[in-house]
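K.L.:
I'd like to ask you about the structure that follows.
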Amino acid sequence: MGANTSQVSDLSDNPSLKALVGTESISENDPFWNQLISFTFISPTCSGDSKLLEEAVIPLAKILIENNPRSGNFGALVRIFLGRTKELKISTECQDQLFIWQAHNALFMIRCLLKVFIREMSEEELHLQFSYQERAPGSCGETGSEDLLEELLSNLVHLIVEVPLLDITYSILFEAVTTLLVFFSYQLFHKDILRDGIIYQHIMKGRCLCLTSRLVKTLLYNFIRQEKCPPPATHIFEPKAEGGLLYGLASGVASGLWSVFTLGGAGSKAGIDQEHNPLPLSNQSLLLLLVLANLTDGPGWPNPYRQAITCFRNTQDTSSLPVEQPHTFQINFNSLYTALCEQQRSDQATLLLYTLLHQNANMRTYMLSRTDMDNLVLPILEILYHVEDRNSHHVYMALIILLILTEDDAFNRSIHEVVLKNISWYTERSLTEISLGSLLILVVIRTIQFNMTRTRDKYLHTNCLAALANMSAQFRCLHQYAAQRIISLFALLSKKHNKVLEQATQSLRGRQGDNTALPDYAQDLNVIEEVIRMMLEIINSCLCNSLHHNPNLVYALLYKRELFEQFRMHPSFQDIMQNLDTVIGFFSQRLEQAGSDLSVERVQEVIMKGAQALPNDRLKKFPELKFKYVEEDQPEDFFIPYVWSLVFNSGVGLNWSPHGIELFSMDSG
């Protein structure tokens, strides 16, 4: 960083950086600043490169912290950057690449220093670092009337919303978004959720407030566009045969060979590490959006960014609102939907999908009206199918999304009308043709079975069963394998129930007269019986509402009828077992009448005819199974640790070891 540095290891010896962090004040009019910010550097886009750079910056930043109260050089650097931001939009229109390049470099240096400042000091102390002014030795420290911290925050927001995204502006927009994330990162050093503070006040109530909707819209469009980081050739520089990067200048700054940082090959012709993070701006924009959306409400005012996210509308919507909502705007729903479908590999995209489905009624209505819901549902199912490779939060988000979707009866009907062929990622069995609804059932049941054998998380299987229960009344033409897996899951639960019951009985016999504490088998039995009851209700709901549409389920039920014998007289299941007994008895009788040694095809024919003949009044009616996801069950700040864990693990910008927040403290119990 500086005009003559070629390796990160050389930073501590760079004369320009030594002057910046030294005790001598440098006037803002000094040519030094042009020299300082005239370097070539491709921002690291992976954690290893970012960490390498940060380790080199830390000692310099600590020296600056000590000397800045006298020199005011950090404030001068900020003002140099602010002076250039005023002309950035015009520079972009005029393709003034030198101006953009130097503004980017100044902001990059500010961001690197801020990371260390925030780790080393409180917000109040950070505010003072912005306030220190150049002064003569021995004079009293006086602060200027301007609030340089607020000015920088405001300019960063203006930069993001006003400067168009082009190849020549990509890097500076990335730096602006990442610098805002760095400002918010005080949360990483506190166990408690931060609800106020200087930065929080500026962002929530200060000059940035009027740009709320534009900022949210811009960040969403950055996510939608999914622009890859342009190659070095479009970053002002042109590769030369001698291996350097020569910037052709026709201005007063003479052409010459500028230094290049070599961070893990970042200065090579290959350029940005596309394998690690090919979409740094898109990724960082989404992370910043999630951070803003999850800031807690202040005393007496709601979070404006959450308001903007919950009320934006489709550009195709021309209707007028009865009451104008604060911070509302319009965005292309089709483009957003497409980006969401394509990006569900990442936790943050899944969390955005959850946020929009749960909190934005306009977006939820639009998604549920789509005729290509398979484009959205299939990536969610793939997340659940590879549950072993996903973190628990990503799995929870996917399940909650399914639960929200299954609250809609039209969705539950339509997914059985979508026929899929050759699902490549489903490897347990060849599925040449299956409905989306049957595939959803298979994946959710597989998730339940994984949970029973591995994680044993009650929250997880409750959400799985709730989604199945919501769908059960609209089960249609279940695939043979899906019907088998429903009954197989019941068989697994029955086996587990018998095992726990046997352990409890043996323990009681072996401990007669022993006053020591017994294992809590009663609690285990209670949990298993709750799940068994739920499974019986799901099967019963399907039989009562769509028996004639599901001969494969009746077939599987008859094939494993002995499983249900032990629960017929159980007090917890007697009522729900009446209908199953009726169905099993009715079809068993018809099969007996059809003769012995029946082929599979003949059995299915008898079942289909019998389904039409079974009177509806023979089955007892139960209340409709409906479960709704309610966020109020969780505290307001439930997702904040999760969001910051995503920022922390993004590999760009924030890769230090946190001292405070428990990044994975979401309670899954």
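K.L.:
Can Leu52 be described as open to solvent by less than 30 Å² (accessible area, probe 1.4 Å) and farther than 21 Å from Val161 by Cβ?
P.N.:
Values: open to solvent by less than 30 Å² (accessible area, probe 1.4 Å): no; farther than 21 Å from Val161 by Cβ: yes.
No, not satisfied.
K.L.:
Quick one: which residue in Asn412, Asn422 is outside any strand (DSSP E or B), open to solvent by 50 Å² or more (accessible area, probe 1.4 Å) and not basic (Lys, Arg)? Let's see the steps before the verdict.
P.N.:
Values: Asn412 fails: open to solvent by 50 Å² or more (accessible area, probe 1.4 Å).
Step by step, each of Asn412, Asn422 is checked, and only Asn422 is outside any strand (DSSP E or B), open to solvent by 50 Å² or more (accessible area, probe 1.4 Å) and not basic (Lys, Arg).
K.L.:
Are there any pairs with C-beta distances below 6 angstrom linking a residue in region 323-335 that is without any contact (Cβ under 8 Å) to a residue 60 or more places away in the chain and under 19 Å from Leu353 (Cβ atoms) to a residue that is open to solvent by less than 70 Å² (accessible area, probe 1.4 Å) and among the aromatic types (Phe, Trp, Tyr), with the two at least 6 apart or on different chains, and if so which?
P.N.:
Listed pairs, sorted by first residue: Phe333/Tyr366.
K.L.:
Considering only region 364-397, state which residues are touching an Asp or Glu at 6+ places or on another chain (Cβ under 9 Å), under 30 Å from Gln316 (Cα atoms) and either open to solvent by less than 10 Å² (accessible area, probe 1.4 Å) or not in a helix (DSSP H, G or I) (or both).
P.N.:
If the condition is that a residue be touching an Asp or Glu at 6+ places or on another chain (Cβ under 9 Å), under 30 Å from Gln316 (Cα atoms) and either open to solvent by less than 10 Å² (accessible area, probe 1.4 Å) or not in a helix (DSSP H, G or I) (or both), then Met397 is the only one that fits.
K.L.:
Further question on the same structure: Quick test for you: out of Ile118, Ile100, Ile90, Ile110, pick the one residue that is in the same structural domain as Thr169 (by the TED database), buried (at least 23 other Cβ atoms within 10 Å of the Cβ) and either of a type outside the set (D, E, K, R) or free of Cβ contacts under 8 Å to residues at least 60 places away in the same chain (or both).
P.N.:
Details: Ile118 fails: buried (at least 23 other Cβ atoms within 10 Å of the Cβ); Ile90 fails: buried (at least 23 other Cβ atoms within 10 Å of the Cβ); Ile110 fails: buried (at least 23 other Cβ atoms within 10 Å of the Cβ).
On inspection, the qualifying residue turns out to be Ile100.
K.L.:
Filtering region 460-497 down to residues that are more than 27 Å from Ser430 (Cα to Cα) and without any contact (Cβ under 8 Å) to a residue 60 or more places away in the chain, which residue is most open to solvent (accessible area, probe 1.4 Å)?
P.N.:
Applying the filter and picking the extreme gives Lys495.
K.L.:
Among the listed residues Ala61, Ala56, which satisfies the condition of being in the same structural domain as Glu120 (by the TED database), in a helix (DSSP H, G or I), within 21 Å of Ala103 (Cα to Cα) and among the small types (Gly, Ala, Ser)?
P.N.:
Working: Ala56 fails: within 21 Å of Ala103 (Cα to Cα).
Step by step, each of Ala61, Ala56 is checked, and only Ala61 is in the same structural domain as Glu120 (by the TED database), in a helix (DSSP H, G or I), within 21 Å of Ala103 (Cα to Cα) and among the small types (Gly, Ala, Ser).
K.L.:
Next question, about the same structure. How many residues does region 538-572 hold that are charged (D, E, K, R) and either crowded, with 19+ Cβ neighbours inside 10 Å or within 16 Å of Gln480 (Cα to Cα) (or both)? Outline the logic, then answer.
P.N.:
We begin by selecting, within region 538-572, every residue charged (D, E, K, R); these are 560-562, 565, 568.
Right, trim to either crowded, with 19+ Cβ neighbours inside 10 Å or within 16 Å of Gln480 (Cα to Cα) (or both) and you get 560.
The number of residues fulfilling the criteria is 1.
K.L.:
Can you tell me which condition Glu417 does not meet? The list is (1) in a loop (DSSP other than H, G, I, E, B); (2) closer than 15 Å to Ala469 by Cα, and all the others hold.
P.N.:
Glu417 satisfies every listed condition except (2).
K.L.:
Being open to solvent by 60 Å² or more (accessible area, probe 1.4 Å), touching a residue at least 60 places away in the same chain (Cβ under 8 Å) and either in contact with a strand residue (DSSP E or B) (Cβ under 7 Å, 6 or more places away or on another chain) or in the same structural domain as Ile528 (by the TED database) (or both) narrows it down to one of Gln612, Gln589, so name that one.
P.N.:
On the way: Gln589 fails: touching a residue at least 60 places away in the same chain (Cβ under 8 Å).
Selected residue: Gln612, the only one of Gln612, Gln589 that is open to solvent by 60 Å² or more (accessible area, probe 1.4 Å), touching a residue at least 60 places away in the same chain (Cβ under 8 Å) and either in contact with a strand residue (DSSP E or B) (Cβ under 7 Å, 6 or more places away or on another chain) or in the same structural domain as Ile528 (by the TED database) (or both).
K.L.:
I've got another one for you. Against the condition touching a Phe, Trp or Tyr at 6+ places or on another chain (Cβ under 8 Å), in contact (Cβ under 8 Å) with a residue 12 or more places away in the chain and outside any helix (DSSP H, G or I), how does Ser25 come out, does it pass?
P.N.:
Taking the combined requirement at face value, the residue does not satisfy it.
K.L.:
Mind listing whichever residues of region 507-530 are under 47 Å from the mean Cα position of the chain (by Cα) and modelled with pLDDT under 80? Write out each step before concluding.
P.N.:
Our first condition is that a residue be under 47 Å from the mean Cα position of the chain (by Cα); within region 507-530, this holds for 507, 517-530.
Those that are under 47 Å from the mean Cα position of the chain (by Cα) and modelled with pLDDT under 80: Ser507, Ala517, Leu518, Pro519, Asp520, Tyr521, Ala522, Gln523, Asp524.
The values are calculated or read from the model by the stated rules, or taken from the named source; none is laboratory data. All of these numbers come straight from a predicted model, not from anything done at the bench. In this analysis, Cβ positions are derived from the backbone assuming ideal geometry, glycine residues included, and neighbour counts consider all displayed protein chains. The area values use the complete protein model at the heavy-atom level, side chains included, leaving out ligands, DNA and RNA. Shrake-Rupley method; radii C 1.70, N 1.55, O 1.52, S 1.80 Å.
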